[in-house]
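Asker: Shown below is the structure under consideration.
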Amino acid sequence: MGDKNGKLRIGWFSFTCCEDSTIIFTELLNTRWKNWKNQLEFVHAKVLKKSPDAIPEMDIAFVEGAITGDGQEQKLKNIRQKAKYLVAIGSCAVIGSPSNQRNFFNRSQLEEISPILARFKYKEKVLKLSDVVKVDEVVPGCPMNEQIFLQIMDKYLNTLTR
Ligand code: SF4
């Protein structure tokens, strides 16, 4: 497990959302980076570094946001194939809300947005991650619960890098 240096190979991905959990994550780097830099290898994290379009093999994929289009659905399946573990980050990824507000629109609201859905090839319904792929862990909250995220990170660091 991990790369040749024993580091966990991590990916961070954002789908449809406001990306506030990404902000929380980058804020955590202020206090955690000193330890994490020896333990984590960010193999795909566009918020932190230039990352390849092709999804690399990973130990853990952290995935934020809801799935609104077929392209996103395919990319999520690809991430799932390349990751040993997949962690849903924040309410939009875990339960779909609040990014899935249009799932609850009435008939006239749906008629109003139908040209937008067609123009951008959006799916009829917004999906949570577990509607598409197997999810191993969830970090609830809007934005994500920082303590639960750290517990999950510590759990994998303790078990996978030994
Ligand atoms: S769960 Fe909340 S903070 Fe996270 S992306 Fe959705 S709306 Fe933004």
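Asker: Share of antiparallel DSSP beta bridges in the chain, in percent to the nearest 5?
Answerer: Beta bridges within the chain, antiparallel portion: roughly 15 percent.
Asker: Here's something else I'd like to know. What are the aspartates and glutamates whose alpha-carbon lies under 19 Å from the alpha-carbon of Lys134, with same-chain residues fewer than 8 places away excluded?
Answerer: Reachable aspartates and glutamates: Glu57, Asp59, Glu64, Asp70, Glu73.
Asker: Taking 41 Å as R0, compute the FRET efficiency from the Cβ-Cβ separation of Ala118 and Ile23 and round it to 0.05. Working shown, then result.
Answerer: On the way: r = 32 Å, r/R0 = 0.78.
For R0 = 41 Å, the calculated efficiency reads 0.80.
Asker: A further question follows. Around Lys123, which amide H atoms from residues at least 5 apart in sequence, or from another chain, sit under 5 Å from its own amide H, with H modelled in the peptide plane?
Answerer: Gly69, Asp70
Asker: While we're here: Of the residues Thr16, Thr31, Thr68, which exhibits the maximal mean-square fluctuation in a Gaussian network model of the chain defined by a 10 Å Cα contact cut-off?
Answerer: Greatest mean-square fluctuation among the candidates belongs to Thr31.
Asker: Also: Report, ordered by chain and residue number, the lysines lying within cross-link reach of Lys121, taken as a straight Cα distance under 20 Å and ignoring same-chain residues fewer than 8 apart.
Answerer: Lys75, Lys77
Asker: Next question. Convert each backbone phi in segment 31-42 into a coupling constant with the Karplus relation 6.51 cos²θ - 1.76 cosθ + 1.60 (shift: θ = phi - 60°), then list the ³J(HN,Hα) values in order as whole Hz, x for Gly and Pro.
Answerer: Using θ = phi - 60°, the values come out as 9, 9, 4, 4, 7, 5, 4, 8, 10, 10, 10, 7 Hz.
Asker: Amide H of Ala45 versus every other amide H placed in the peptide plane: which residues, excluding those fewer than 5 positions away on the same chain, fall under 5 Å?
Answerer: Trp12
Asker: Label points 7 Å out from Cα along the Cβ direction at Thr159 and Lys50: separation in nm?
Answerer: Result for the modelled spin labels: 3.6 nm.
Asker: Can you list the aspartates and glutamates whose alpha carbon is less than 15 Å from that of Lys34, not counting same-chain residues fewer than 8 positions off?
Answerer: Result set, ordered by chain and number: Asp154.
Asker: Let me ask you something else. If each DSSP helix of 4+ residues adds -39,500 (n - 2.57) and the sum is divided by the residues in the chain, what number results at 222 nm, nearest 500 deg cm²/dmol?
Answerer: Numbers: 5 runs with 62 residues, N = 162.
The helix-only estimate for the chain comes to -12000 deg cm²/dmol at 222 nm.
Bear in mind that the values in this text are calculations on the coordinates, not laboratory data. Predicted model, so just to flag it, every value in this text is computed and none were measured. Every residue, glycine as well, gets a Cβ built from its backbone with ideal geometry; the counts of neighbours run over all protein chains shown.
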